[in-house]
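Structure record follows, encoded as structure tokens.
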Amino acid sequence: MGRMAMPWAIRYKRRSLSRLHQNPPDSRTVRSFERSGIDATRMSPELLSALGDSVEGFSDRRRAGAAVTSFVSVLSAMMVDQRHAVAAVDRVRVPTLLIWGARERHIQRGLVDDLIARRPDWQLEVLEESGHVPTWDAPGAYVDAVARWARSA
């Protein structure tokens with residue numbers, strides 16, 4: 001169903017997606033990103049434009065189908081049958097930094113706390129000024145967090 005709906009939805013939303021190319025982003029784009037806790041006004045014009053180009057590419061049925069397949073696979077592993085996701089977490093044998101944005105609206109803090117409780121050898125860095133995608137709306141804080149962690153590892 002998603003394979004059929006995705007290209008239609010992208011075509012339908014093409015006008016709004018083209019607004020990603022605007023600098024500064026318009027208020028509708030800002031509100032859309034805010035639903036994920038992301039401050040689009042802090043995103044670089046180059047990133048917004050690249051996102052617009054990338055999303056517009058999903059109007060191609062093949063790309064949309066591959067994206068839907070990947071998305072459904074990840075959601076299934078995480079939500080439907082969590083045994084696979086838990087087993088994957090347990091198999092990690094390298095130093096791991098988990099970065100979570102305090103303005104995140106999709107992944108609840110409880111899930112992050114559960115991961116850290118399961119893997120106390122992992123380090124958690126909470127970025128207060130970030131939402132769902134720290135590399136987008138708080139790239140400086142993200143790089144600083146990774147650099148601090150790399151120096152301590």
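The values are calculated or read from the model by the stated rules, or taken from the named source; none is laboratory data. Worth saying up front: this structure is predicted, and the values here are computed from it rather than measured. Every residue, glycine among them, receives a Cβ derived from its backbone with ideal geometry; neighbour counts consider all protein chains shown. Accessible surface areas use protein heavy atoms only, side chains included; no ligands, DNA or RNA. Shrake-Rupley method; radii C 1.70, N 1.55, O 1.52, S 1.80 Å.
Using the Kirkwood radius over Cα pairs, work out the Stokes-Einstein diffusion coefficient for region 36-153 at 10 °C and 1.306 mPa s, in µm²/s as a whole number.
Calculated translational D: 97 µm²/s.
Can you work out the Karplus-derived ³J(HN,Hα) for every residue in region 122-132? Use 6.51 cos²θ - 1.76 cosθ + 1.60 with θ = phi - 60°, whole Hz, and x for glycine or proline.
Each residue's phi maps through the Karplus curve to give 7, 9, 9, 10, 9, 9, 4, 8, 10, x, 5 Hz.
Around Leu124, which amide H atoms from residues at least 5 apart in sequence, or from another chain, sit under 5 Å from its own amide H, with H modelled in the peptide plane?
Those lying under 5 Å, H to H, from Leu124 are Leu98.
Using the Karplus curve 6.51 cos²θ - 1.76 cosθ + 1.60 with θ = phi - 60°, what ³J(HN,Hα) values do you get for each residue of region 87-94, in whole Hz, with x for Gly and Pro?
The phi angles translate into 4, 5, 4, 5, 7, 5, 10, 10 Hz.
Give the ranking of Asp90, Asp137, Asp53 by solvent-accessible surface, highest area first, calculated with a 1.4 Å probe.
Result of the area sort, largest leading: Asp53, Asp90, Asp137.
Once both labels are modelled 7 Å past Cα along the beta-carbon direction, what's the Arg151-Ser73 spacing in nm?
Going by the 7 Å Cα→Cβ label model, 3.9 nm.
Using each residue's phi in region 140-150, evaluate 6.51 cos²θ - 1.76 cosθ + 1.60 at θ = phi - 60° and report the 3J(HN,Hα) Karplus result to the nearest Hz, with x for Gly and Pro.
Once rounded to whole Hz, the list reads x, 5, 4, 4, 4, 4, 5, 5, 4, 5, 5.
Given the protein chains as shown and a 1.4 Å probe, how many square angstrom of Glu129 are accessible, to the nearest 10?
About 70 Å², ignoring ligands and nucleic acids.
Explain nothing, just the number: dipole magnitude of region 85-139 about its Cα centre with +1 on each Lys and Arg Cβ and -1 on each Asp and Glu Cβ, in debye rounded to the nearest 20.
About 240 debye.
Kindly sort Thr69, Thr41, Thr29 by accessible area of their heavy atoms, largest first, with the probe set to 1.4 Å.
Putting Thr69, Thr41, Thr29 in descending order of accessible area: Thr41, Thr69, Thr29.
Ranked from the most accessible area to the least, with a 1.4 Å probe and all protein chains present, what is the order of Met43, Met79?
Per-residue accessible area, sorted high to low, gives Met79, Met43.
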